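Here is the structure we will look at.
The values are calculated or read from the model by the stated rules, or taken from the named source; none is laboratory data. Just so it is clear, the structure is predicted and the values come from calculations on it, not from any experiment. Cβ atoms come from the backbone with ideal geometry, glycine included; neighbour counts cover every protein chain shown. Each accessible area value is taken on the protein alone, full model and side chains, heavy atoms only, with ligands, DNA and RNA left out. Shrake-Rupley method; radii C 1.70, N 1.55, O 1.52, S 1.80 Å.
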Amino acid sequence: LTLAETEEHLRRILALYSIRRILCVPYYREEFIHAVLAKKLTGAPLCTYLMDDQNVFVRNVPDHWVADLLASSDLCLGISPEMGAAYGRKFGRPVHVLPPLLERSEPLVPCYWSPEPGEPVRAAMIGNVWTARRFAQLREVVRHTGLQLDWYGNGPKASWLTGTPEEWEADNIRCLGFLPEDDLVAALASYPFVLVPSGSLDAADDNPAFARLSLPSRLLFLHARTDTPVLVLGSPDTAAGRFVTHLGTGVCASADPGDFQAAVARLLDPPTRQT
């Protein structure tokens, strides 16, 4: 559709309703366009919430559409301090930070892991791995270091992952699927740490925008429900890396086996865990 055709189509749809507020969480180019037109057609206040970068570090949406959306917005929010700063600098308007939020307050379950002599180190992972290359890197690190990894959630069903759960288990990655929330928290509290894959932010990083600016919501969930430490597999300059190092709740490690093993050793060290 042309812009005029799109506007007329939206006019017919929105005329059926009384629009009080507009929330735009833009990802595709069309969503930037639709939000600007919806504000024009209804006059309703518009909030734009930036959760994923589609313009600063990747060029998926042209500058003029992003600029139009932010200029049309009565309130601009970003999921991380890095997201807010990047868009605020480029487009010259305040982007306030609104991290992922939990729906309700729940008791914190303390980490109760204790080492078992002679047993391999077993850690947990929840959420997604966003590219096939990053998953291959994760498999290689786990295989070379001997870490045992339990993967919770729907992440293993992503279409871009290569191999099968049986092949992944041969690399020490065990897929455990979904658990009820309270059971998941109890399980996570039994591990020495939770692994969160992120990006390297170097030339080999195939999703630098997500790694640099997007804060994984699972980090907020983890910190609110258990004090199990976090190991971010990636650069300390990622949004996830900055989050855990700023709070002192975890460490970062590269995919180099030596660096990764040194980070694991820090997380297993009793004096370090007490702090």
Exercise for the section: Considering (1) surrounded by 15 or more Cβ atoms within 10 Å (Cβ to Cβ); (2) without any contact (Cβ under 8 Å) to a residue 40 or more places away in the chain; (3) not in a loop (DSSP other than H, G, I, E, B), say which one N128 fails and leave the rest. Expected result: (3)
Handout entry: Residues located in segment 5-38, provided they are of a type in the set (G, A, S) and open to solvent by 70 Å² or more (accessible area, probe 1.4 Å)
Key = A15, S18
Practice task
Name, by its number, the condition in (1) touching a Leu at 6+ places or on another chain (Cβ under 8 Å); (2) at positive phi; (3) open to solvent by 20 Å² or more (accessible area, probe 1.4 Å); (4) not acidic (D, E) that does not hold for G248.
Solution key: (1)
Exercise for the section: Starting from residues that are part of a loop (DSSP other than H, G, I, E, B) and touching a Phe, Trp or Tyr at 6+ places or on another chain (Cβ under 9 Å), keep the ones in segment 63-93 and report whichever is farthest from D202 (Cα to Cα). Expected result: R93
Practice task
Sort through L233, L222 and tell me the only one that's under 17 Å from C111 (Cα atoms), open to solvent by less than 40 Å² (accessible area, probe 1.4 Å) and under 17 Å from the mean Cα position of the chain (by Cα).
Solution key: L222
Problem - Residue count, segment 180-211 (criterion: surrounded by 19 or more Cβ atoms within 10 Å (Cβ to Cβ) and acidic (D, E)) - result: 1
Handout entry: Selection within segment 227-255 - charged (D, E, K, R) and under 26 Å from E116 (Cα atoms)
Key = D227
Problem - Given (1) among the hydrophobic types (A, V, I, L, M, F, W, C); (2) at pLDDT below 95; (3) closer than 22 Å to P110 by Cα, number of the condition C252 does not satisfy - result: (2)
